[in-house]
Structure formats: structure tokens, C-alpha cells
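This report refers to the structure that appears directly beneath it.
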Amino acid sequence: MRKIKKLIAVILATMIMMSVASFSMSASAATAPEFSVTLVSENDSTAVVRFSMLKGAFNSLDFTLYTSSAFTACTNIEQTEEFKTKGCMAMTNPATKMVSIAGTNVVDKATSIVDFTLTKKSANPIKNTDIGVVVENCVITVSDPVMGNKNIDLTDDVKVTIDLKSFQLNDAAVKMDYKSNYTIRYETNYAANELTWTSSDEDVVSVDENGRLTTNGTGDATITVTSADGRVNETCEVSVKYTWWQWIIVIVLFGWIWY
């Protein structure tokens, strides 16, 4: 009888240890999410920023968007169409800029979640430092056939990246003299290699990767700047003419031959 009891005890202990090990492996496999805040659109008075998950997984999540004095209010928080298909419920509060997400389904793929519509105080482009996010109660539910479901708090390992790309062209039109230089005025947090500058007529004016213009002839040309992500597509009209003394060289001194 004692041998039977010992055998039963050993079997039970083994089952418990295997269950604990299985649960520990499931818990360690839970990857804390990485989130990002990106700019959807911006004009002189309004900006729309998007909160998305880049990778990882979660069941429930609370987070608050914090903004600098560049904004006066949050007028709306709207779930993206992509997130609506996840079967989770999101409670939003524009006044506090807080979002609370709960659901039995696990969000485990890159997903856009909500868009915040913010009222700007000025026409200046917003910067990464104008936005912050605090994440709380980021939880994933791990199931085990013996021990059942258990919630794992991933909050301490969550990462949030603020990546607000914006561009504002301050020169819609430029008048230049022949054989002169000028750098188009603009404000941006795009890297130089993320922007492409082109001229419609390089015989009139050429442009480098920083928006610096060099006049090569007289006439009109359009400078276009675009971004790699397709969000920027702005133009600057350039008109190039001779100065009075250049006209003298061209007409009186036959400068048209070589000038």
C-alpha cells in the first residue's frame, strides 16, 4: 500500500512540475508589445496622430496620450477600421486622452489602433517632443490545460516610439537673379535622405538634396519635394531673370554669346 501511495505521490508531483514548467514556458513566450505614435495628417489648425502596435501581443491595455502646449485640445479619439476587426472593446475619453482596451481575443499582429484628433495652437509643424504616451495595465492571458488561464502583466517591458514626420514649405514662390543661389525655406523632421527635390527645368534652376537652388538660365521652373513615405508632395514656383547689369552685359557687351 505504501508503494502505491509513493507511486501516486511521484506521479502527482511530476504532473505538477510539468504543468508549472509548461506554464512558465508559455509565460516566457509572451512578447511585450512595441507601440508607435505616427502622424496621419496635419494642417495649420489640426493634427491627427495614430497609436499602433508594431509587434508583440496583448489582451488588455490602458494608455494615455500626453501633449505639450502646442495643442489646445483633443476633439476626438476614433478606433481604426483595422482594430475594429480584432473583437476588442475600446473605451475612449478625449478630455483626458485616455484609451482603455479589453477583450478575450489576443492582439498579436502589427495593428493600427486609434487616431487622436488634436487642435493645434499655431500653424507650426508638431515635433516628437510634443507627444508622449504612458502605458498602464498591459496584460496578456496565457492558458494552461492544468492550471487554467492566468494574466501576465507586460507593462514594464512595453516600448513606445514617437515618430511624427511633418513637413511645412515656407516658400510657395521664389524670384531669383541669374547666376545666384537660394535655399528654399522649410520646416521638417524628415531626414534629408527621406526627401527628394526635383526641378522641372534644370536649364533654368537646379536643386540639391537640401533644397538649395542654383540658377542656370532665365525663365520659370517648378521645384517639387516629395517624401519616401508619400506624405509630402509640395511645390515651389521659381522665376529667374537678369539683373539690370546682366542685361547690359547681354545686350551691350554681347554677353549673350558667352554669358
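The values are calculated or read from the model by the stated rules, or taken from the named source; none is laboratory data. These numbers were taken from a predicted model, which means no experiment stands behind them. Positions of Cβ are backbone-derived with ideal geometry, glycine not excepted, and every protein chain shown enters the neighbour counts. Heads up: the accessible areas ignore ligands, DNA and RNA and are worked out on the full protein's heavy atoms, side chains in. Shrake-Rupley method; radii C 1.70, N 1.55, O 1.52, S 1.80 Å.
Of note:
- Sub-9 Å Cβ pairs linking a first residue in segment 44-69 that is over 11 Å from residue 99 (Cβ atoms) and in contact (Cβ under 8 Å) with a residue 24 or more places away in the chain to a second residue that is of a type in the set (Lys, Arg) and assigned to a strand (DSSP E or B), at least 6 apart or interchain, are 44/120; 45/120; 46/120; 47/120; 54/159; 56/159, ordered by first then second residue.
- The one condition from (1) closer than 14 Å to residue 181 by Cβ; (2) surrounded by fewer than 13 Cβ atoms within 10 Å (Cβ to Cβ); (3) of a type in the set (Gly, Ala, Ser) that residue 211 does not meet is (2).
- The condition (being of a type outside the set (Val, Ile, Thr) and over 30 Å from residue 233 (Cα atoms)) is satisfied by just one residue among 84, 165, 120: 84.
- Leading residue by the ranking (nearest to the chain's Cα centre (by Cα)) among those in segment 53-65 that are closer than 29 Å to residue 230 by Cβ and surrounded by fewer than 19 Cβ atoms within 10 Å (Cβ to Cβ): 54
- Matching residues, segment 218-241, being assigned to a loop (DSSP other than H, G, I, E, B) and within 26 Å of the chain's Cα centre (by Cα): 228, 229, 230, 231, 232
- For segment 28-40, the candidate set comprises residues that are open to solvent by 50 Å² or more (accessible area, probe 1.4 Å) and hydroxyl-bearing (Ser, Thr, Tyr); within that set, the residue that is nearest to residue 102 (Cα to Cα) is 31.
- Qualifying residue in segment 158-171 (condition: closer than 30 Å to residue 103 by Cβ and basic (Lys, Arg)): yes
- When each of 184, 140 is tested for being touching a Leu at 6+ places or on another chain (Cβ under 7 Å) and modelled with pLDDT under 95, the lone residue that passes is 140.
- Odd one out for residue 143 among (1) surrounded by 13 or more Cβ atoms within 10 Å (Cβ to Cβ); (2) not in a loop (DSSP other than H, G, I, E, B): (1)
- Consider segment 57-68 and keep the residues that are modelled with pLDDT under 95 and not in a strand (DSSP E or B). The one that is nearest to residue 156 (Cα to Cα) is 57.
- Residue 182 being open to solvent by 30 Å² or more (accessible area, probe 1.4 Å) and in contact with a strand residue (DSSP E or B) (Cβ under 7 Å, 6 or more places away or on another chain): yes
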